[in-house]
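One structure is given below, encoded as structure tokens.
The values are calculated or read from the model by the stated rules, or taken from the named source; none is laboratory data. What you see is a predicted model; the values in this text were computed from it and never measured. Here the Cβ positions follow ideal geometry from the backbone for every residue, glycine too, while neighbour counts run over all protein chains shown. Heavy atoms of the whole protein, side chains included, go into the accessibility calculation; ligands, DNA and RNA do not. Shrake-Rupley method; radii C 1.70, N 1.55, O 1.52, S 1.80 Å.
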Amino acid sequence: MADDGGVVTLVFYRIGNKWWKEPALNVISAAAQMSKWTHVELAIGATSGKNGEMTNVCRVFNDDVGVELAARTGRNPQYHYLQLGCSKAQERAMLTFARAQVGKPFSNIAMARSLVWPRRTDMQSFFCAELVAACLRAGGLIDEISNPGAATPEGLYQLYRT
């Protein structure tokens with residue numbers, strides 16, 4: 001059976017010019033990384049919703065929902081998209097991994113540690129870049145010995161930008 005190829009898209013949120021209107025966590029994240037990127041998500045596959053929105057967007061926020069697979073319109077100018085090619089098998093592996101993480105909580109502590117003393121990812125909770133890096137590792141797009149707990153939005157951007 002031929003593998004026609006798959007796709008994943010990194011979805012980066014950049015802090016706005018009116019930074020004082022941003023959530024405090026975004027401002028702190030940007031300052032700590034010395035970066036404009038404060039958040040990252042991963043859209044897995046090329047399937048779109050009935051209105052053209054991206055589907056299977058794996059993300060986690062500091063809220064009661066935790067990890068989720070959601071839809072995203074792609075219309076917010078604060079977001080930047082980097083599309084990565086992969087095999088269909090890699091795409092399926094990332095989607096399977098993402099589905100198994102749904103509902104797991106956000107970790108403030110892991111996010112705070114990521115720059116100075118990264119934890120070894122425990123797969124029980126995540127911060128945004130850790131979740132995305134773990135998905136990419138499950139699909140073979142990041143080395144299997146890497147530690148997703150050390151990932152940052154800026155680091156992922158630098159790794160995959162063209």
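Does R120 meet the test of being touching a helix residue (DSSP H, G or I) at 6+ places or on another chain (Cβ under 8 Å), open to solvent by 30 Å² or more (accessible area, probe 1.4 Å), closer than 13 Å to A151 by Cα and modelled with pLDDT of 90 or more?
yes
Quick one: would you say T9 is of a type in the set (S, T, N, Q), within 13 Å of the chain's Cα centre (by Cα), farther than 24 Å from G140 by Cα and surrounded by 14 or more Cβ atoms within 10 Å (Cβ to Cβ)?
Criteria not met by T9.
What are the residues in the stretch 47-68 that are closer than 23 Å to D4 by Cα and within 16 Å of the chain's Cα centre (by Cα), if any?
Within the stretch 47-68, M54, T55, N56, V57, C58 meet the criteria.
Of these, A2, A89, A46, A30, which one is out of contact with any helix residue (DSSP H, G or I) (no Cβ under 7 Å at 6 or more places or on another chain), at pLDDT below 90 and loosely packed, with under 13 Cβ neighbours inside 10 Å?
Result of the check over A2, A89, A46, A30: A2.
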